[in-house]
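The values are calculated or read from the model by the stated rules, or taken from the named source; none is laboratory data. Note that the structure is predicted; figures quoted are calculated from it, not measured. For neighbour counting, all protein chains shown are included, and Cβ atoms are generated from backbone atoms with ideal geometry for every residue, glycine included. Accessible surface areas use protein heavy atoms only, side chains included; no ligands, DNA or RNA. Shrake-Rupley method; radii C 1.70, N 1.55, O 1.52, S 1.80 Å.
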Amino acid sequence: MGFFSFNLADTGEVVHRNTKCYILSHNENLTASYYDEYGNFTTNKGVINIFEWLAGQNYPGLKLCTEEMRQLGIALQCPDEPLCFRDVDMRYYTTLPLSVVKQLGIAPVKSITDFGLEIELEEVRASINDHIEANRLLAHPLKVPHPLKIAKVPQPYSELPTSTVTY
């Protein structure tokens, strides 16, 4: 994933490079003056990666490197591209770094590096993709207590829907 297009929560407009907007949260608001279309906003607090920021807003105690925070933030903002799955025996499989999911309290976990890899579930040997399509592996969405909200006009966080993203 590289290019991301966000929609403003209050107007539905797309955030373009020079769109002045407000990144709202439950505890602080940022004023953004520039967006590079790859997740980086120039704000009144400096340049932030919106996905790292989102991960920090939702899981502030995690001790992760910058790339792990970015991956976690993408997983939080893009639930239709799940990165964590579970089987009927509550075993978890993920493409996220194991250090991330362990700190989130998801265990036991097996790392997925290739969706074409064959594993056995419910006495069926098939690829990860085939298990997902057959509902033997179910998407396990991560909890997002404080979803991303970007607005054209600053307003109370609780009054806005979540900003959408396309990639």
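Tabulated values for the structure
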read-out: Near pairs, Cβ below 6 angstrom, 6+ apart or cross-chain, from the stretch 76-92 (closer than 27 Å to TRP53 by Cα) to any residue that is among the charged types (D, E, K, R) and open to solvent by 50 Å² or more (accessible area, probe 1.4 Å); value: TYR92/ARG86
read-out: Qualifying positions in the stretch 75-87 - under 17 Å from the mean Cα position of the chain (by Cα) and either acidic (Asp, Glu) or at positive phi (or both); value: ASP80, GLU81
read-out: Test: residue in the stretch 140-152 that is open to solvent by 60 Å² or more (accessible area, probe 1.4 Å), in contact with a Ser or Thr (Cβ under 9 Å, 6 or more places away or on another chain) and within 30 Å of VAL14 (Cβ to Cβ); value: yes
read-out: Residue in the stretch 145-167 that is modelled with the lowest pLDDT, counting only those that are farther than 21 Å from PHE3 by Cα and in contact with a helix residue (DSSP H, G or I) (Cβ under 7 Å, 6 or more places away or on another chain); value: PRO145
read-out: Search result, residues across the stretch 47-99 that are basic (Lys, Arg) and touching a helix residue (DSSP H, G or I) at 6+ places or on another chain (Cβ under 8 Å); value: LYS63, ARG70
read-out: Some residue of the stretch 114-127 being under 21 Å from GLU52 (Cα atoms) and touching a residue at least 24 places away in the same chain (Cβ under 8 Å); value: no
read-out: Residue count for the stretch 11-28, restricted to those that are of a type in the set (S, T, N, Q), under 15 Å from PRO147 (Cβ atoms) and open to solvent by less than 70 Å² (accessible area, probe 1.4 Å); value: 1
read-out: Tally, over the stretch 88-112, of residues that are charged (D, E, K, R), closer than 17 Å to ILE132 by Cα and within 17 Å of the chain's Cα centre (by Cα); value: 0
